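To keep things clear, I will list the structure first and then write my remarks on it.
The values are calculated or read from the model by the stated rules, or taken from the named source; none is laboratory data. Owing to the predicted nature of the structure, the values given are computational and were not obtained by experimental measurement. We place every Cβ from the backbone using ideal geometry, glycine too, and count neighbours over all the protein chains shown.
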Amino acid sequence: MLSQRQRKILTLIEAQSRVRVEDLAERFVTTPQTIRKDLQTLAELHHVVRFHGGAAVVGGVEYTSPAQRETDALAAKRAIGAAVAGRIPQTCAVFLNAGTTTAQAARMLSGHSQLRVISDNVDLAAEMRAFPGLEGIVPGGAVRRSDGAILGAEAVDYIRQFRVDFAVIGAAALAEDGTFLDFDLAEVQICRAMMSHARHVILAIDSGKVGRSAPVMLGHLSDVHTLVKEAVLQDWLRQLCARHEVEMAMA
């Protein structure tokens with residue numbers, strides 16, 4: 001339940017679109033540290049999106065809860081997960097970012113052997129403990145209560161110590177200019193580190209995310225080696241993949 005100050009902050013953000021920590025601290029006669037905690041609470045409930053020094057309204061499309069995202073397009077996500085796992089060989093190292101589609105890919109890796117998986121999600125890592133052929137690794141950092149994602153500068157620094165074979169990345173949206181996006185800047189920073197420290201980047205995304213929008217830019221199709229998606233590619237997406245030499249894999 002939100003406190004009275006947090007409700008007032010949320011109302012203010014909805015009215016102004018974005019706010020800064022210092023301005024809120026002055027307005028509510030409290031410390032910046034207290035305001036940051038308030039904004040973090042609102043972000044964890046997906047009411048706002050954090051950025052350095054402030055917060056903004058969730059833009060583009062309505063952010064759905066983790067529980068709802070688990071069931072949305074479940075058949076498509078399972079098919080995508082199987083297609084992704086089929087492209088991961090035995091005896092390699094993989095980054096796997098937090099997300100419902102990437103979680104399906106992780107579950108399909110249960111039969112692999114000599115696989116090292118570095119994931120930024122404690123719940124997913126706990127699930128993979130039961131896979132005898134996998135070694136699971138998680139970075140340090142703050143754990144997001146809503147879905148077990150690990151966030152923060154410490155986690156980003158830890159990810160940068162690796163150089164892996166594959167990074168399997170999900171996204172909240174794929175815009176028509178080829179930009180893929182998400183809602184949480186802290187999570188995006190983890191994903192960017194994974195992409196930059198992998199030899200092959202796989203973007204796993206279902207049709208419901210295509211043509212949508214979200215407020216934080218994660219990357220661009222030109223940063224990706226393989227796009228895994230169910231159903232048929234739209235003409236504009238097919239052309240973008242061809243232009244940027246992205247392999248298209250239909251689940």
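Things worth noting here:
- Selected residue (criterion: nearest to Y158 (Cα to Cα)) from residues of segment 90-111 that are outside any helix (DSSP H, G or I) and touching a residue at least 60 places away in the same chain (Cβ under 8 Å): F95
- Residue match in segment 146-158 (condition: assigned by TED's automatic domain parsing to the domain that holds L74, modelled with pLDDT of 95 or more and not in a helix (DSSP H, G or I)): no
- Residue match in segment 172-184 (condition: among the acidic types (D, E), at pLDDT 95 or above and either closer than 19 Å to V122 by Cα or out of contact with any Asp or Glu (no Cβ under 8 Å at 6 or more places or on another chain) (or both)): no
- The residue of segment 226-246 that is modelled with the highest pLDDT, among those that are surrounded by 17 or more Cβ atoms within 10 Å (Cβ to Cβ) and of a type outside the set (A, V, I, L, M, F, W, C), is T226.
- Residues of segment 36-82 satisfying the condition of being of a type in the set (V, I, T) and modelled with pLDDT of 80 or more: T41, V48, I80
- Considering A193, A231, the condition of being hydrophobic (A, V, I, L, M, F, W, C) and touching a Lys or Arg at 6+ places or on another chain (Cβ under 9 Å) is satisfied by A193 alone.
- Any hit, segment 162-183, residues being assigned to a helix (DSSP H, G or I), in the same structural domain as L115 (by TED's automatic domain parsing) and either of a type outside the set (V, I, T) or surrounded by fewer than 20 Cβ atoms within 10 Å (Cβ to Cβ) (or both): no
- Test: residue in segment 112-132 that is more than 30 Å from L39 (Cβ to Cβ), polar (S, T, N, Q), out of contact with any Asp or Glu (no Cβ under 8 Å at 6 or more places or on another chain) and touching a residue at least 24 places away in the same chain (Cβ under 8 Å): yes
- Qualifying residue in segment 200-219 (condition: over 30 Å from T41 (Cα atoms), surrounded by 19 or more Cβ atoms within 10 Å (Cβ to Cβ) and touching a helix residue (DSSP H, G or I) at 6+ places or on another chain (Cβ under 9 Å)): yes
- A85, sole failed condition from (1) in contact with a helix residue (DSSP H, G or I) (Cβ under 7 Å, 6 or more places away or on another chain); (2) modelled with pLDDT under 95: (2)
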